[in-house]
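The values are calculated or read from the model by the stated rules, or taken from the named source; none is laboratory data. If you're wondering where the values come from, they're calculated on a predicted model, not measured in any experiment. Note that we place each Cβ from the backbone using ideal geometry, even for glycine, and neighbour counts take in every protein chain shown.
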Amino acid sequence: MKKIRNLILGGIQQKVFNLVLLTMVLMVAAYTAVIVYQTNSLRTLVKNTNDQQKKSITEISGEAMADVLNSGMGESTAMEAYISNNLFKQLSGVVYTLADYAQKLFADPAAYPRMSASLPEMRLDGAISDQLLTAEGVDLKDPELADKIGLMANMSDLMKAVYSQSIVDSCYIALPDGVMLLVDDHSSSKFDDKGNIVSIPMTERQWYQGAEKSGKLFFSDVTTDLFTGSVSIMCSLPVYRDGELAAVIGADLFLSDMAAAVADSGRNGGFVCIVNDHGHVVFSPLSGGTFQVRPDAEALDLREAGNADLTAFLNDAFRATTDARLIEADGETYYMCGSPIEMVGWTVISAVNKDQADMVGHLMQDEFDHILGEAQTEFEKGFSFSRQTMIVLILIVLAAGITAAMILARRIVRPLGMMTKRVSSLGGKDLQFFVEDAYRTGDEIEVLAESFAKLSEKTLRYVDQVQKVTAEKERIGAELNMATEIQASQLPRLFPAFPRRPEFDIFASMTPAKEVGGDFYDFFLVDDDHIGLVIADVSGKGVPAALFMMVSRVLIKSRLQNGETPGVALENVNNQLCEGNEAGFFVTVWVAVLEISTGKGLAANAGHEHPALRRAGGQFELITYRHSMAVATMEGLPFREHSFEMHPGDSLFVYTDGVAEATNAQNELFGPDRMLEALNREPDGEPVTILNHVMDGINTFVAGAQQFDDITMLCLKYYGPGGPETENMKG
């Protein structure tokens with residue numbers, strides 16, 4: 001094209017000029033064709049741009065929703081199951097503590113005095129008291145029975161202490177003779193309407209018969225408390241003397257908070273329910289359908305309801321935490337996640353209605369369609385008005401002459417061309433359309449440009465909101481990674497740790513999960529002839545658990561270096577950690593002090609995993625024994641000590657539950673058997689070789705599946721005073 005003065009030869013202005021000269025009809029037709037062509041091009045560009053933007057918004061919202069369901073919903077369900085499991089674990093710990101003392105009473109009754117036991121008193125309601133209850137027809141004056149009651153009454157002080165400092169709502173001991181000693185703070189519930197003490201057939205109760213028949217720790221079904229009417233569960237354990245049942249120890253836990261939390265979950269298209277080991281729904285906010293709570297006589301095993309997908313999902317949920325799955329039930333489709341409560345064999349089920357879950361994406365798309373519709377309407381209005389204006393302008397151009405026609409043609413065509421070029425360039429990160437001075441023509445072109453600007457501004461706001469959500473998630477992840485690095489830096493990581501001590505070799509490692517955890521290990525010389533070994537796991541996740549871990553590590557190390565034995569150290573640390581522990585954290589610990597010159601050691605295990613020991617020339621084997629309760633559960637707990645002895649060539653391996661509970665894509669656990677297989681791959685290897693074999697075994701097993709918990713291990717190989725040469729000479 002060439003420009004001569006104000007006339008562009010070869011352009012639209014020349015065509016308008018020629019059309020005006022030739023004929024008014026030809027001019028109107030040509031100019032109309034130009035406008036139609038530009039408008040159609042603009043419509044095509046707008047449609048393509050809107051389709052791209054809608055596709056981008058749909059993909060981003062879909063990915064965000066998938067992340068929420070597969071990560072947030074699963075983690076929330078696992079945490080609810082973890083908290084519930086800890087409640088039942090603490091309940092069983094209380095029963096074990098009481099049964100321990102009761103076993104001592106009945107094993108040597110002559111060593112204990114005969115204490116008095118009182119019947120319930122109405123005036124003691126609200127105060128913690130011990131109360132003697134009997135079955136119908138029991139004669140308390142019988143000398144032999146009175147002697148048993150006097151011996152049983154020695155349990156009163158411990159039961160009161162346990163009741164006041166634990167989660168239980170009552171604890172008791174029952175004799176086969178139809179007599180029980182119970183501790184709680186609602187003595188008035190033991191009287192009938194006439195003020196008489198009620199008779200209790202305790203030997204016919206489920207908690208008594210279940211413990212008697214099973215011969216081990218027993219959890220009852222969810223039931224109504226005989227005295228208060230509260231929803232509760234009972235945990236019981238039999239105590240034997242000379243092979244015969246001497247008594248049954250039990251404790252109640254009211255589940256009112258659990259029931260209330262589940263009832264409150266039934267909102268916004270979702271709900272949480274709890275299914276017991278029989279497949280029966282025991283807690284649910286629903287009043288009808290598959291997931292409602294039914295009486296025992298009508299209870300339905302959900303695994304036998306004829307829904308194959310639901311059956312497979314529940315079978316998986318009883319074993320391990322599941323991913324989010326689509327399950328159809330009662331004519332609705334739900335996203336469901338499940339996580340087991342291992343202590344009682346139950347599972348927690350979280351469900352979200354699929355339509356509700358997908359509503360956010362649909363709303364975003366509907367809003368985008370609404371904005372697009374408004375813009376399209378504005379565009380059509382502007383275009384219609386523009387056509388009318390063009391006709392008027394053409395008439396004016398024809399009347400004013402060739403000069404006016406050229407000016408008006410340039411005024412109309414140039415902004416449209418610039419706008420078309422600008423719209424064509426939109427894409428990628430450049431989605432903002434601005435109203436430039438060239439578009440401010442004061443007519444429909446300016447209206448069209450403003451419509452584009454509004455549309456692009458609203459679109460960018462939606463994209464910005466999605467980006468902010470993504471950025472916040474990345475920021476939180478970065479902070480958690482930094483916290484993990486800080487936590488790991490507090491642990492001994494320089495190896496060999498004691499290069500001048502040939503009597504032993506030691507190596508430890510911690511492989512953290514994505515989130516900050518509470519695992520830790522420690523080893524240090526108490527003096528020249530004693531080494532302290534510690535490995536522990538704090539309940540919970542995140543930065544608070546890591547801080548609790550650091551405090552626990554410092555306290556344990558300080559106590560051992562002050563000369564305290566493992567059991568005494570844990571007892572003092574337990575009392576310190578219980579002070580102000582409002583978050584309810586607790587820590588499982590294995591701690592030992594080994595005398596280097598003799599190989600003799602003393603260890604204490606507070607609810608931690610069983611250690612593995614290998615004797616020289618042999619294989620690694622688990623050393624199992626009854627644990628003490630976890631540290632920081634309640635004040636005043638005793639901690640058992642276990643003596644052991646290591647000989648030249650022996651190896652000791654301790655670890656956290658992240659090893660045995662490493663999970664593959666099929667939700668299978670690595671387990672102790674696979675761990676022992678990895679340990680015995682090269683049982684006589686150095687500690688670093690042993691730990692590498694275990695880690696290789698875990699990595700091969702999980703095959704890239706997400707790590708749920710920290711993996712922490714420690715291995716010590718004992719050579720004796722002569723160092724490695726002693727072992728070689730022995731071999």
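A few notes on this one:
- Given (1) modelled with pLDDT of 90 or more; (2) polar (S, T, N, Q); (3) assigned to a helix (DSSP H, G or I), number of the condition T347 does not satisfy: (3)
- Complete set of residues in the stretch 136-170 that are assigned to a loop (DSSP other than H, G, I, E, B), buried (at least 17 other Cβ atoms within 10 Å of the Cβ) and small (G, A, S): S166
- Some residue of the stretch 98-107 being of a type outside the set (K, R) and exposed (fewer than 15 other Cβ atoms within 10 Å of the Cβ): yes
- Of all residues in the stretch 120-130, at least one satisfies being assigned to a helix (DSSP H, G or I) and charged (D, E, K, R).
Let's see how each residue does on (1) among the acidic types (D, E); (2) assigned by TED's automatic domain parsing to the domain that holds Q90; (3) over 29 Å from the mean Cα position of the chain (by Cα):
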| residue | (1), (2), (3) |
| --- | --- |
| H186 | no, yes, yes |
| T203 | no, yes, yes |
| G210 | no, yes, yes |
| S220 | no, yes, no |
| G229 | no, yes, yes |
| E244 | yes, yes, yes |
| V281 | no, yes, no |
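- Residue ID - nearest to the chain's Cα centre (by Cα), chosen from residues in the stretch 328-350 that are more than 17 Å from M258 (Cα to Cα) and crowded, with 21+ Cβ neighbours inside 10 Å: C337
- Of all residue pairs spaced 6 or more apart or on separate chains, those with beta-carbon atoms under 9 Å, a first member in the stretch 283-294 that is in the same structural domain as A329 (by TED's automatic domain parsing) and a second member that is outside any loop (DSSP other than H, G, I, E, B) and acidic (D, E) are P285/D264; G289/E332.
- Failed item in (1) within 23 Å of F520 (Cβ to Cβ); (2) in contact (Cβ under 8 Å) with a residue 12 or more places away in the chain, with P638 passing the rest: (1)
- Test: residue in the stretch 159-169 that is over 21 Å from V344 (Cβ atoms) and more than 35 Å from the chain's Cα centre (by Cα): no
- Condition met for E677 (surrounded by fewer than 22 Cβ atoms within 10 Å (Cβ to Cβ), in contact with a helix residue (DSSP H, G or I) (Cβ under 9 Å, 6 or more places away or on another chain) and assigned by TED's automatic domain parsing to the domain that holds M510): yes
- Single residue of A449, A357, A405 found to be modelled with pLDDT under 70, in a helix (DSSP H, G or I) and surrounded by 17 or more Cβ atoms within 10 Å (Cβ to Cβ): A405
- The set of residues from the stretch 612-629 being more than 30 Å from P724 (Cα to Cα) and in contact with an Asp or Glu (Cβ under 9 Å, 6 or more places away or on another chain) comprises just one member, R626.
- Long-range neighbours under 7 Å by Cβ, at least six apart or interchain, first residue over 13 Å from F586 (Cα atoms) within the stretch 87-99, second surrounded by fewer than 24 Cβ atoms within 10 Å (Cβ to Cβ) and among the small types (G, A, S): V94/S166
- Any hit, the stretch 185-198, residues being surrounded by fewer than 20 Cβ atoms within 10 Å (Cβ to Cβ) and under 26 Å from L105 (Cα atoms): yes
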